[in-house]
Every structure is written in structure tokens, then in C-alpha cells.
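Below you'll find the structure, written out as C-alpha cells, and then a few comments.
None of the figures in this text is laboratory data; all of them are computed from the coordinates on show. What you see is a predicted model, and the numbers here were worked out from it, not measured in a lab. Positions of Cβ are backbone-derived with ideal geometry, glycine not excepted, and every protein chain shown enters the neighbour counts.
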Amino acid sequence: MRFSHVNKSEKRVDIYEKVTGRAKYGADIRFPNMLYAKSLHTKYPYAEIKNIDTREAEQVSGVARIITAKDIPNNGFGQQKQIQILAEKNAYYFGDAIAMVAAENPKQANKALEKIKVEYEEKEGIYDPLIAKEKDSHLIYEDLENNEMSHHTLKKGDINKGFENSDVIIEREYTTPFIEQAYLEPEVVIAVPFYDNSTVTLFGSFQNPSETQHAVAEVLKEDLNKIRIVQNHIGGSFGGKEQIMYTLAARVAVLALDTERTVRLVNNRETSIIESHKRHPYSMKYKIGATKEGKINAIKYKAITESGPYGCHTSSVTLRSIIQGTGPYEIENVKGDTYGYYTNNIYTGAMRGYGSPQVIFAQESLMDELAEELEMDPFELRKKNIFHNNSVTASGQKLDNHEVSLEEVLTKAVEKSNFIEKYEEYSAVQEGDKKKGIGLSISFRGCSLGPGDIDTAGVILSLKKDGSVNLYSGLAENGQGLKTIYSQITAEKLGIDTNKVNFMPVDTLISPDSGPTVASRGTLLGGNAINNAADNLIEKIKVYVSDKYDQDKENIYIKDGSIYGKKDIEILPVNEMANKAINDGINLSTYGWYEIPEISWDEKTGQGRPFFTYVYGCQVAEVEVDTATGEIDVLNMTAAHDVGRAINPANVKGQIYGGVSMGLGYGIMEELETNKGYIENTNFDEYMIPTVKDMPDIEPIIVENPDPNGPFGAKSIGEPTLELGAAAIANAVANATKKRIRSLPLNLEKIILGKDLHKGVDHK
Amino acid sequence: MKKANINLIVNGKEYKITVEPDERLLDTLRDRLHLTGVKEGCSIGECGACTVILDGKAVNSCMVYSFQIDGSEVLTVEGLETNGKLDPLQEAFIDHQAVQCGFCTPGMLMSAKALLKENPYPERTEIKTAIEGNLCRCTGYQQIVEAIESVVKNKD
Ligand code: FES
Ligand code: FES
């Protein structure tokens with residue numbers, strides 16, 4: 001197929017504003033007569049709040065209003081109604097806020113915070129899910145039977161038989177840490193009361209405008225259509241600016257309504273890290289059995305994680321883990337369990353990957369460990385067991401509606417990186433302190449939300465008199481390039497130039513509610529909705545032109561900004577047509593909607609068709625480890641990803657580079673450290689993310705097998721890029737050092753001593 | 001300490017400003033001069049989002065007190081364009097898609113600009129050193145480095 005706009009590395013539509021500093025992010029938006037808000041956080045991770053005295057604080061000059069839990073109309077939201085806007089009886093984690101101040105300037109607000117007197121009774125918290133799960137553990141919520149937040153299970157075949165028939169069985173345990181999303185822009189909310197017809201209008205760094213609207217309406221007990229969220233530029237999110245943004249938006253909205261003034265909250269980095277939800281830390285146990293020829297017969301796995309006190313994403317995150325927990329391998333006998341428990345640590349939520357990076361680290365390390373046991377090349381072992389067309393997954397889904405390209409991505413990455421030769425070379429004994437290694441990992445990933453969620457999206461296209469199109473989408477730009485991708489798809493469908501498409505700021509009073517911009521679903525869902533809206537618009541144009549110019553509808557088409565008819569003769573340019581049509585009273589606005597194909601899930605057995613399509617990826621890492629110092633130098637990484645169709649190849653590469661860097665951070669440096677609920681590293685001097693110097697050369701390989709269910713065949717790329725890196729690096733480090741590290745991040749002490757001094761845990 | 005009167009040349013324009021004793025250059029630029037292209041990501045000199053060029057050198061404007069730089073010259077991302085024409089670095093960032101969320105972009109551009117002013121033909125490793133203090137969570141830096149390199153190559 002030849003395209004005019006898609007499948008091309010067109011310029012990002014929002015890039016001019018961004019390179020000139022003109023792009024207005026939340027903190028850059030100003031209103032007259034604003035108040036400045038600050039939150040007071042609990043002193044202890046878990047404590048009863050006996051009394052809050054704000055009298056002295058209210059006397060601080062410039063203070064307009066101080067709110068506490070009693071001022072919040074409805075102080076609990078979220079799936080379990082547990083997330084407190086402001087802590088009421090108890091503070092459950094270190095980021096719980098107790099009060100919020102609005103003052104004429106930030107200094108006054110800070111001063112007032114110091115004057116608020118809170119009486120606490122510190123309580124004994126639970127800071128380890130392995131303790132939370134014990135029968136005699138005390139309860140975080142006394143009205144619940146135990147601390148279990150979620151449990152998913154999966155059963156396929158006969159697990160005992162599977163092990164009985166195996167020649168080799170190994171059992172291993174793996175752990176991963178809390179991870180901070182580390183978007184560069186800390187959270188921002190600006191609440192404007194009684195603006196136009198809305199009770200409150202909120203601007204800020206919202207990943208999910210519609211979900212923010214729902215939460216604020218719920219908290220304020222206000223009609224949904226009285227809450228307006230407007231979003232345009234946001235400085236990254238990666239799953240992070242979800243629940244915390246709902247909480248902050250609600251808090252600031254209450255202040256704005258109480259004072260009838262615009263209120264602005266800009267978090268600093270420390271506050272951002274302390275209060276926002278993190279990637280789930282996992283403890284995992286795996287048992288695998290295979291024949292001596294390398295056919296995997298059985299896998300049993302169990303993953304335990306924690307939700308913190310607030311159950312927001314844990315159930316869905318651990319659901320993805322159960323579905324993808326045995327990787328892209330055809331295995332007849334599987335038994336899996338994933339659990340989430342309440343604790344008093346920081347709460348956990350969405351972060352790019354969503355329950356996959358953890359299990360991939362475990363299961364792909366395990367594959368290499370099995371290969372070693374079988375004295376087999378890890379590439380060979382994988383090839384013997386991977387999915388192909390019509391393979392059946394652990395959840396019993398036959399992969400029969402798209403190209404299962406695992407072998408293709410694996411082979412391409414292996415060839416490009418020269419894996420086989422290097423693996424052999426590095427497996428031999430290496431002289432000196434510096435040792436090289438190479439490792440790989442592969443994955444399959446279900447696209448979009450999966451079981452239990454409504455999965456639909458809508459767009460509005462509105463053709464203007466000048467031939468430009470306004471595009472209203474409920475899914476939002478988070479930095480990933482959604483505006484550009486949507487503009488290209490619209491342009492391709494309508495036969496106009498990409499720069500004629502105007503992606504409107506997401507505005508919840510106009511843009512169709514399309515669910516959250518998560519789960520790498522933006523291109524897939526929104527792209528299909530655009531297809532639908534564009535088809536409807538083209539139909540309107542055809543009807544109008546055929547009528548007006550006496551043409552057969554079937555002959556009419558649009559190309560390069562003009563409308564053509566019989567014998568490919570140009571009738572008139574799109575802008576002239578639009579002008580005429582609108583002057584003739586024709587409606588040139590259309591709606592598009594997309595609902596995913598049917599999926600199914602049986603929660604009792606973990607069987608069904610949990611996703612309507614999947615993507616496949618393979619990453620290879622080559623490392624050099626200094627065994628004297630423990631330093632790991634990642635020399636290069638190769639990343640092959642099947643995206644269905646690359647709507648914008650440069651953008652896909654950008655996603656790959658960015659995902660690989662996050663995967664590298666996960667592999668060798670990142671860890672949010674907690675100590676009895678306190679957070680130890682609250683800024684970038686202590687929470688390390690990769691700098692340019694940490695990054696190796698990355699070789700991206702874009703594989704395209706157009707998916708029948710994707711717009712122009714496109715699927716997903718955001719999350720697949722991040723989930724593989726840590727596992728590939730762990731395998732490379734093991735190849736180099738002949739020592740297996742089973743906990744992330746792979747740090748210095750672990751490599752030199754085989755144990756982590758910092759934590760005193762020996763995972764060997 | 002009390003307020004101070006200072007003179008600054010920012011993006012070629014002269015300003016006489018009265019600043020607070022604890023006012024950071026970042027605040028002066030963002031809050032007084034409304035140059036919001038300068039971003040704040042960490043406030044402790046670790047992320048580079050607030051990078052500007054101060055008397056020819058790239059600095060983290062969150063780590064500089066305004067009263068200390070009386071008489072200085074400051075260049076921010078808003079001052080990169082000349083006569084409505086983008087700086088070659090800005091063009092290169094566009095062509096190489098070196099931008100995702102864009103929050104690090106102004107700081108990256110200013111670090112790169114300072115480098116090229118001092119060293120018009122940097123090696124790849126010198127480019128990396130110049131932007132080492134600029135964190136980017138989105139791009140993995142590859143397209144940024146490529147963009148800067150392309151400007152160097154185009155000089156020939
Ligand atoms: S805000 Fe100045 S270095 Fe981060
Ligand atoms: S583009 Fe988002 S931080 Fe660099």
C-alpha cells in the first residue's frame with residue numbers, strides 16, 4: 001500500500017511550540033488574582049489524626065483558606081473509595097495530606113503550613129506484603145477480613161503431570177523494587193471557579209482528562225457537566241499522572257470554590273515523589289519443568305505485590321501479570337497466582353509496563369537459567385517454545401487473528417546484534433576484571449485495556465470553511481506523539497495535508513469520553529475512531545459533491561487536498577468545497593466511534609480471550625562488567641518490535657529509545673527506597689534515572705505486520721519498549737559474570753559480593 | 001537581607017529589576033519576565049530543565065540568585081530565534097524528532113547552544129558531556145544527540 005501521510009516520519013505537529021519555549025505547560029498558565037496552594041503531609045506513614053488546629057495558621061498574613069478532610073464533600077474516591085482527598089481519621093501512607101492552604105503567595109502558604117498543629121498517634125504499620133498476608137497480621141482496614149487486595153489465578157492443563165513428565169525442574173525467586181515514573185514536569189493543577197458555565201474549570205498536567213472529571217465530580221458531589229478539564233501540553237506521565245492528579249485536582253477545586261478565586265498548585269519534586277503512586281514491587285516464585293530436549297512442560301508461578309493503602313490499579317496490574325506471566329511460550333500445564341496486599345507503604349499504581357516488566361524480568365531470567373541447566377543456547381531454547389500463528393496462550397487463547405511474529409522479531413534482533421557468535425565468545429572464560437556478556441529477552445503483550453474495562457473511544461472531526469479540520473479527541477497527548485499520529489491518520493483518510501489538521505486541546509465538555517490514555521491504546525483505539533469519523537465525513541462530502549456537480553458518488557474521491565470525480569478529473573479543492581458546502585448549510589462535522597472486538601475472561605480459571613490482539617518484541621543487551629568495581633556498562637542494545645504498522649517511524653524509534661532507557665534504568669540503577677513507609681530518595685540527586693552518559697547506542701528494528709484490527713494495521717509501541725530491557729541486561733550480566741542476580745536493580749554489591757549490602761537480603 | 005536593584009540583559013533586551021534577596025534567576029525569568037520556556041523540574045540543580053546561558057555559560061537557573069548577577073547577560077530558549085528564524089539547533093530538533101513531552105527541550109537546547117558557542121566542532125562524547133546534566137525521561141537521548149551532531153556536520 002502506498003501512503004501519503006501515514007508510515008512517514010512527518011514532523012511532530014506540536015514540536016514548533018516545544019522548541020521555541022512557546023508551549024504552555026500547566027505551570028506556565030496564569031490567571032489574574034490567583035491564590036497559591038500547598039499541601040501539609042503527615043509526619044508519620046501510619047498514624048491516627050487526633051486533632052488538627054489551624055487557628056494560628058489562619059492568622060498568617062495572606063492566608064485565604066485552609067481545608068481539611070471535613071471540608072471535602074465526598075472524601076473517598078476510586079474503585080474502592082479508599083483514596084482520601086485529605087486524610088481524615090488516619091493517615092495511611094507517608095504521602096497522605098492532612099490539610100491544604102491557599103494564600104496570596106507561595107511563601108505565605110508555606111508559612112501557614114508550619115503553623116498548622118496536628119496531633120498524631122503513631123500506629124504500627126505494615127511495610128511488607130509478605131507480612132500483610134500472614135493470618136495473624138493486623139488489618140489495615142478493620143472492616144475487611146484480611147489485607148488481601150486482589151488475587152488472580154490461572155490454571156491450564158495438569159500442573160503435577162507436567163512436572164512429572166519433566167527431566168529438568170528448577171525453582172527460582174526474583175524480586176523487583178518500587179519505581180518512580182520520574183516525569184520531568186511535577187504535578188500542576190489550576191482551578192478556576194465559575195468560568196463560563198462550569199462550576200470549576202481545571203487546567204494542568206492531566207494524563208486522563210475524562211477520569212479526572214469523573215473523580216472531581218464525585219468528590220464535589222457535582223454534576224459531571226459542571227466540571228471542566230482542559231489539557232494541552234504535559235511534561236510526561238508514564239502512568240504517573242493518574243490518581244494523584246485526581247486527588248490534587250479535587251483538593252484544589254474545593255479551595256477554588258470556597259474562596260471563589262483561581263487557585264494554583266505546583267508540586268515540587270520532593271512532594272511529587274512522596275505522594276504519587278509508584279510501579280508495583282514484586283516478589284516472584286517460579287518453577288519450571290522441561291524435557292531434556294528443551295520442551296517446556298510446565299510452569300508454576302506466584303507473584304506477590306502490594307497496593308499500599310489504596311487499591312487503585314493493583315487488581316488490574318496483577319491481572320496483566322497473570323496473563324503474561326509465563327511469557328510468549330506454548331506451555332501445556334500452567335498454574336499461576338498473583339496477589340496484591342494492602343500495606344502502609346506508598347501506594348502503587350500505573351507505570352508504563354503495568355505488571356509486565358516484573359514478570360518478564362523473572363520469566364526471561366528463568367529461561368536463561370533453564371537453558372544453562374539444559375546446556376542449551378538461550379536462543380535455541382526460546383525458539384523451541386515460542387508462539388507461532390495459532391499457538392494457544394496460557395490463558396487458552398488461540399492466536400488466530402493476527403500475525404504472531406515472535407520468531408521474526410527474535411531472529412531479526414539476534415542477527416542484528418550478532419547474538420549467537422557473541423554469546424558463544426562471552427560464555428568462555430574471560431581473563432581480567434572486565435568481562436563482556438550478551439543477553440536477550442522476548443515478550444508478547446496484550447494491546448489495550450484487557451478484561452474488566454469498557455474499551456471504546458470517540459473523536460469528532462469538523463471540517464472548516466478553509467479546508468482545515470478540527471479534531472476533538474478524548475484521548476490525550478502525554479508526550480508520546482498522539483497529536484501527530486492522529487493528525488497523520490486524519491490526513492491520510494481525508495486526503496488532505498497533515499498541517500490542515502488541528503488537534504484541539506482536550507476539553508471534557510467537548511471531547512468524547514474515550515477512557516484513559518493508557519495501555520498503549522492511543523493509536524489503536526483513537527486511530528480506529530478517526531477512521532470511522534473520517535468515513536462518515538467523506539460520505540457527507542461525496543453526497544454533497546455528487547449532488548452539486550452532478551457526479552456519480554462512486555467516482556468521487558479526495559487526494560492531495562482536492563476532490564476528484566469521473567475519469568480522475570479534479571472537481572475542486574477541498575477548501576473551496578468546504579466553503580461552498582457550509583454556505584449551502586451542509587453539516588461537515590462527524591462523529592467516529594470504536595469499540596474493541598469481543599474479549600472474554602473467566603476469573604476463576606484465568607482462561608479466555610483477554611485481549612483482542614497482541615504485539616511482540618525482542619531486545620538484546622551487550623554489557624561490560626567490571627568485576628572489581630561492580631560497574632555495569634551497557635555497550636549497546638538492539639530492540640525489535642512489531643508495531644503492526646508504524647504510523648510515524650521516527651516517532652516509533654523515539655518510543656523505542658525512550659522505552660529502552662527506562663528499561664535500562666529499571667535494570668541497573670532505579671529503586672525507590674522505602675524504610676518503614678518513609679521514602680528515602682525524594683529527588684534526582686538520590687533517585688537516579690539514566691543520563692545521556694548511561695545510554696548505549698540503540699539499534700531499533702521496526703517490524704511491520706499490519707493487524708486487521710488496527711488503523712492502517714497499527715497496534716502499540718509505548719509499553720512494549722520498556723518491559724524487556726532489564727531482563728536482557730540481567731541475562732547479559734549473568735553471561736559476563738557467570739553469576740545470576742535475581743533482584744533489580746542489578747547493583748554493584750550484588751555483582752561483586754553476590755549480595756546487596758544495602759538491604760541485607762541474599763537472593764542467591 | 002533586602003531587595004536588590006539589578007540590571008540584566010535578557011535575550012538582548014535590557015531590564016532594570018528589583019529582586020528579592022532569595023529570588024532565583026529561574027523565578028526572575030519565569031515570574032517577572034514571563035519567560036516560561038525556562039522549566040523547573042527539581043529545584044536542586046539536578047535535572048537541567050531550567051538551563052539558561054549566563055554570560056556565555058550554561059547554568060541551572062534554579063541555582064543562581066538573581067541579586068548576584070547584576071550586569072549579566074542571559075539567553076533563554078525564547079531568545080534563540082533571530083529575526084523570526086529558528087536557530088539551527090531548533091531546526092535540527094524538529095527534523096530529528098528530538099522532542100517528546102518537550103519539558104526538557106528548552107534546557108537541552110540551551111546546553112547544546114552553549115557548547116556550540118564554545119566549541120563549534122564537538123565530538124559525540126563532548127556533546128554527551130554538555131547535556132549530561134539535562135535529564136530526559138522520554139527520548140532516551142538518541143535523537144537529541146543526533147540532532148546536535150547534525151548541526152555540527154552542517155557547519156562544514
Ligand atoms: S530545576 Fe534547575 S536543575 Fe532542575
Ligand atoms: S522529552 Fe520529555 S523529558 Fe525530554
In region A:219-317, the GluC sites (Glu not before Pro) that sit in a DSSP loop and have at most 15 other Cβ atoms within 10 Å of their own Cβ are A:Glu260, A:Glu293
Semi-axes a, b, c in Å (a largest) for region A:614-747, each sqrt of 5 times a Cα gyration tensor eigenvalue, come to 30, 18, 13
Given pairs A:Lys434/A:Lys693; A:Lys241/A:Lys398; A:Lys434/B:Lys117; A:Lys11/B:Lys153 and cut-off 26 Å on Cα-Cα distance, the over-length ones are A:Lys241/A:Lys398; A:Lys434/B:Lys117
When A:Ser441, A:Ser546 are ranked with the fewest other C-beta atoms within 10 Å first, the list becomes A:Ser546, A:Ser441
Scoring only Lys, Arg, Asp and Glu (+1, +1, -1, -1) among other residues with Cβ under 10 Å from the Cβ of A:Leu463 yields +3
With only helices counted (DSSP H, runs n ≥ 4, each -39500 (n - 2.57)), the per-residue ellipticity at 222 nm for chain A, to the nearest 500, works out to -8000 deg cm²/dmol
In terms of the charge dipole of region B:88-153, which places +1 on Lys and Arg and -1 on Asp and Glu at the beta carbon, the residue among B:Ala114, B:Asn134, B:Pro88 farthest towards the positive end is B:Asn134
Cross-link reach from B:Lys2 to aspartates and glutamates, straight Cα distance under 18 Å and at least 8 residues apart if same chain, gives B:Glu20, B:Asp22, B:Glu23, B:Asp27, B:Asp70
Diffusion coefficient in µm²/s returned for the protein assembly as shown by Stokes-Einstein, Kirkwood Rh over C-alpha pairs, 10 °C and 1.306 mPa s, is 55 µm²/s
Summing +1 per Lys or Arg and -1 per Asp or Glu among the other residues with Cβ less than 12 Å from B:Gln143's Cβ gives -1
Scattering profile of region B:39-156 from the Debye formula, Cα beads only, expressed as log10 I(q)/I(0) at q = 0.10 Å⁻¹, is -0.27
Computed about the Cα centre, the charge dipole of region A:456-595 from +1 Lys/Arg and -1 Asp/Glu charges at the Cβ has a magnitude in debye, to the nearest 20, of 80 debye
Here the whole-number average of other chain Cβ atoms within 10 Å per Cβ of A:473-480 is 2
Residue ranges of DSSP H helices in chain A that stretch 27 Å or more (Cα, own long axis) and have mean Kyte-Doolittle hydropathy of at least -0.5 are A:527-548, A:649-668
About its Cα centre, region A:533-641 carries a charge dipole, from +1 on Lys and Arg Cβ atoms and -1 on Asp and Glu Cβ atoms, whose size in debye to the nearest 20 is 760 debye
Ranked from fewest to most other Cβ atoms within 10 Å of their own Cβ, A:Tyr472, A:Tyr591 fall in the order A:Tyr591, A:Tyr472
Shielding of B:80-86 by other chains, given as the mean Cβ count within 10 Å, works out to 1
Each residue of B:92-99 has, on average, a number of other protein chain C-beta atoms within 10 Å of its C-beta equal to 6
So for region B:88-153, using the alpha carbon gyration tensor with a ≥ b ≥ c as root eigenvalues (a/c under 1.5 gives rounded; past that, a/b versus b/c decides prolate or oblate), I'd call it prolate
The farthest towards the positive end of the charge dipole of the protein assembly as shown, of the residues A:Val469, A:Val118, A:Val429, given +1 on Cβ of Lys and Arg and -1 on Cβ of Asp and Glu, is A:Val469
Counting only DSSP loop positions in region A:589-675, the trypsin sites (Lys or Arg not before Pro) whose Cβ has at most 15 other Cβ atoms within 10 Å are A:Lys604
If every Lys and Arg gets +1 and every Asp and Glu gets -1 at its Cβ, then about the Cα centre chain B yields a dipole, in debye to the nearest 20, of 180 debye
Sparse-neighbourhood loop hits (GluC sites (Glu not before Pro), region A:574-636; DSSP loop; Cβ within 10 Å at most 12 others) -> A:Glu598
Expressed in angstrom and rounded, the centroid-to-centroid distance over alpha carbons for region A:191-217 and region A:52-99 is 19 Å
Net charge (Lys, Arg +1; Asp, Glu -1) of residues whose beta-carbon lies under 11 Å from that of A:Tyr339, A:Tyr339 excluded, is -1
The base-10 log of I(q)/I(0) that the Debye equation returns for region A:456-595 at q = 0.09, 0.14 Å⁻¹, one scatterer per C-alpha, is -0.26, -0.60
Given pairs A:Lys81/B:Lys39; A:Lys18/A:Lys221; A:Lys500/A:Lys553; A:Lys383/A:Lys422; A:Lys302/A:Lys715; A:Lys295/A:Lys738 and cut-off 27 Å on Cα-Cα distance, the over-length ones are A:Lys81/B:Lys39; A:Lys18/A:Lys221; A:Lys302/A:Lys715
Mean shadow area (nm²) of the C-alpha convex hull around region A:231-305 is 9.0 nm²
Treating every alpha carbon of region B:4-79 as one equal point scatterer without solvent, the Debye formula yields log10 I(q)/I(0) values at q = 0.16, 0.21, 0.23 Å⁻¹ of -0.47, -0.84, -1.03
